[in-house]
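Enquirer: Okay, here's the structure, questions in a sec.
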Amino acid sequence: MRNWYMMALVGKDRPGIVAEVTEALFAAGGVLGEASMMRLGSNFTIMMMVEIEGDEKQLCEALQPVTERLELHLHLDSIDPGLHQHQIPDLRVLVYGADRPGIVAQVTGALAESGFDITDLDSQVGGDSEKPIYVLMIEGVASAGVEVTHQALEPLSESVDFRVEEIETLIG
Amino acid sequence: MEILTYPDAHLKQQCAPVETFDNELRQFVTELEAFMRTQPGGIGIAAPQVGRAERVCIIDLTGMTRGKKKRPVPNQGRLILLNPEITEWDGYELGREGCMSVPDYTGNVIRATRINFTADDAFGKQHEYTSEGFEARAIQHEVDHLDGLLFLDRLVSRRTDLFQRK
Ligand SMILES: [Zn+2]
């Protein structure tokens, strides 16, 4: 029986991780769905949908030589693939400021309250190590529109800079 | 008519110029426009999307609005463009595009903000146009179809650090 899993893999970044992992999955008869992979700090992270003939144990076994050699931590969850159901984001929010605890919680809390559904978020810590800055890029579906989202974030404007803009999608 | 979807090879071929401006052509243009209006979005279509490899496209942003406040998008009404040639490009901006021929996928594409172009009408008379903003984006998207290009050919990373200009 074929099953879908969400596979999370984390390890110290080095060249060749993606190639070796996907080769092992291919050799095991695996099929890949959507994936998001990126370097966070000095770690490489993989979130990937995998369909395989077999169960979790067989998937772990197929990956074991690679995860051992590359010292990757593996986590698997059984999922419903839900492919071909993309949501089109209609709003983008950029937030940046001096890094401090609570930025993400406050920003996303305010967004959630205004009815904003996040489809994509990525954040980076930049600046130098004495004066780090935090940059947060969020896309999502805003049920209430740009002004309401802007107002929802306004109380945070003392400590962060932010911009809210519509994403208009042309279907041609 | 029906929309061809990628990877149909018809979508990746260079289309031939319109040379005969006859009733058959005008009939096709009428049908293409009617068909465009039955499609979701329905703001633009190019002949190769229905399997005709000829330089014909139609754009109409009249009914389109922006944002929750439904602001109209500046446009010059219905444009039937035969043998369109973009002659000048000015500025650039990032925008999100999808395509009837590429279902369930949208992505970021950089397009010129303002263009000048020429095109023949359904009787073979050439006209000059200027267009900007969303309408210019739609025209660039449709003209690309006539050259066998999809917005997939122009995708940039979703993390591209280039914000839309107002
Ligand atoms: Zn298209």
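The values are calculated or read from the model by the stated rules, or taken from the named source; none is laboratory data. No experiment lies behind these values; they were computed from the predicted model shown. Cβ sites come from the backbone with ideal geometry, for glycine too, and all protein chains shown count toward neighbours. Note: accessible area is taken over every heavy atom of the protein model, side chains too, but ligands, DNA and RNA are not part of it. Shrake-Rupley method; radii C 1.70, N 1.55, O 1.52, S 1.80 Å.
Enquirer: Dipole size in debye (nearest 20) for chain A around its Cα centre, Lys and Arg Cβ +1, Asp and Glu Cβ -1?
Expert: Roughly 440 debye for chain A.
Enquirer: Helix A:56-70 versus the longest principal axis of chain A: what angle, 0 to 90°, nearest 10, using Cα atoms?
Expert: 80
Enquirer: At 0.36 nm per residue, and after removing the present C-alpha to C-alpha distance, how many nm does the segment from A:Ala35 to A:Glu165 gain when stretched out fully?
Expert: Net length gain for the segment: 44.2 nm.
Enquirer: Can you tell me how the protein assembly as shown classifies by the Cα gyration tensor, rounded, prolate or oblate, using a/c under 1.5 as the rounded cut?
Expert: oblate
Enquirer: Could I ask something else about it? Could you tell me whether chain A comes out rounded, prolate or oblate from its Cα gyration tensor? Rule is a ≥ b ≥ c as square roots of the eigenvalues, rounded for a/c under 1.5, then prolate if a/b exceeds b/c, otherwise oblate.
Expert: It comes out oblate by the Cα gyration axes.
Enquirer: Rounded to the nearest 500, what is chain A's calculated 222 nm mean residue ellipticity when only DSSP H runs of at least 4 contribute -39500 (n - 2.57) each, over all residues? Before the final figure, lay out each step's value.
Expert: On the way: 4 runs with 45 residues, N = 172.
The helix-only estimate for chain A comes to -8000 deg cm²/dmol at 222 nm.
Enquirer: Now for a separate question. For the range B:10-48, state which GluC sites (Glu not before Pro) are in a DSSP loop and have at most 16 other beta carbons lying within 10 Å of their beta carbon.
Expert: Answer by residue number: B:Glu19.
Enquirer: So how strong a dipole does the range A:2-78 carry about its Cα centre when Lys and Arg Cβ are +1 and Asp and Glu Cβ are -1, to the nearest 20 debye?
Expert: Dipole about the Cα centre, nearest 20: 260 debye.
Enquirer: Suppose R0 equals 30 Å; then what is the FRET efficiency for A:Ala8 and B:Val156 from their Cβ-Cβ distance, rounded to the nearest 0.05?
Expert: Rounded to the nearest 0.05, the efficiency is 0.65.
Enquirer: Here is a follow-up. Assuming R0 = 45 Å, can you tell me the calculated FRET efficiency for the pair A:Glu68 and B:Ala9, based on Cβ-Cβ distance, to the nearest 0.05? Working shown, then result.
Expert: Numbers: r = 45 Å, r/R0 = 0.99.
The pair A:Glu68/B:Ala9 has a calculated efficiency of 0.50.
Enquirer: Same structure, new question: Place the peptides B:2-9, A:106-113 in order of packing, highest mean first, counting for every residue the other Cβ atoms within 10 Å and averaging per peptide.
Expert: Numbers: B:2-9: 12.5, A:106-113: 16.9.
Descending mean neighbour count gives A:106-113, B:2-9.
Enquirer: Given A:Gly115, A:Met1, A:Leu91, which one lies farthest toward the positive end of the charge dipole of the range A:1-149, if we put +1 on the Cβ of every Lys and Arg and -1 on the Cβ of every Asp and Glu?
Expert: The Cα lying farthest towards the positive end belongs to A:Leu91.
Enquirer: Using a 1.4 Å probe, what is the accessible area per residue for the protein assembly as shown, in Å²?
Expert: Using a 1.4 Å probe on heavy atoms only, each residue of the protein assembly as shown averages 52 Å².
Enquirer: Ignoring ligands, DNA and RNA and using a 1.4 Å probe, state the total buried accessible area between B and A in Å², rounded to the nearest 100.
Expert: Buried area (both sides, nearest 100 Å²): 2500 Å².
Enquirer: Right, here's the next one. Does anyone have the angle between helix B:23-38 and the longest principal axis of chain B? Alpha-carbon axes, 0 to 90°, nearest 10?
Expert: The angle comes out near 30 degrees.
Enquirer: Related question: List the trypsin sites (Lys or Arg not before Pro) within the range B:22-129 that DSSP assigns to loop and that have no more than 13 neighbouring Cβ atoms inside 10 Å.
Expert: Those that pass, being in a loop and sparsely packed, are B:Lys69, B:Lys70, B:Arg78, B:Lys125.
Enquirer: Under 18 Å Cα-Cα from B:Lys70, which lysines qualify once same-chain neighbours fewer than 8 residues away are excluded?
Expert: Qualifying lysines at Cα under 18 Å: B:Lys166.
Enquirer: Given B:Ile43, B:Gly148, B:Phe117, which one lies farthest toward the positive end of the charge dipole of the range B:25-166, if we put +1 on the Cβ of every Lys and Arg and -1 on the Cβ of every Asp and Glu?
Expert: B:Ile43
Enquirer: How big is the dipole moment of the range B:16-69 about its Cα centre under a simple scheme where the beta carbon of each Lys and Arg is +1, that of each Asp and Glu is -1, and everything else is neutral? Debye, nearest 20, please. Present the calculation step by step, with values, prior to reporting the outcome.
Expert: Numbers: 7 positive and 7 negative charges, 116 e Å.
The calculated dipole for the range B:16-69 is roughly 560 debye.
Enquirer: Residues of B:95-105, mean number of Cβ from any other protein chain within 10 Å of their own Cβ, rounded to a whole number?
Expert: Shielding by partners across B:95-105 averages 4.
Enquirer: Can you pull the percent of the range A:91-166's accessible area that's carbon plus sulfur, 1.4 Å probe, other chains left in place? Let's see the in-between values first.
Expert: On the way: 2040 of 3900 Å².
So the carbon and sulfur contribution to the accessible surface is 52 percent.
Enquirer: Report, as an integer, the average count of C-beta atoms from other chains found within 10 Å of each Cβ along B:43-52.
Expert: On the way: counts 3, 3, 1, 1, 0, 0, 1, 0, 0, 0.
Going residue by residue through B:43-52 and averaging, the value is 1.
Enquirer: Leaving out ligands, DNA and RNA, and with a 1.4 Å probe, what % of the accessible surface on the range B:9-164 is carbon or sulfur?
Expert: 49
Enquirer: Ok, one more. Treating the angle as unsigned and between 0 and 90°, give the value, to the nearest 10°, between the Cα long axis of helix B:133-146 and the longest Cα principal axis of chain B.
Expert: 50
Enquirer: So, one more: Treating cross-link reach as a plain straight distance, find the aspartates and glutamates whose alpha-carbon is under 17 Å from the alpha-carbon of B:Lys69, omitting any fewer than eight places away in the same chain.
Expert: Result set, ordered by chain and number: A:Asp90, A:Glu147, A:Glu165, A:Glu166, A:Glu168.
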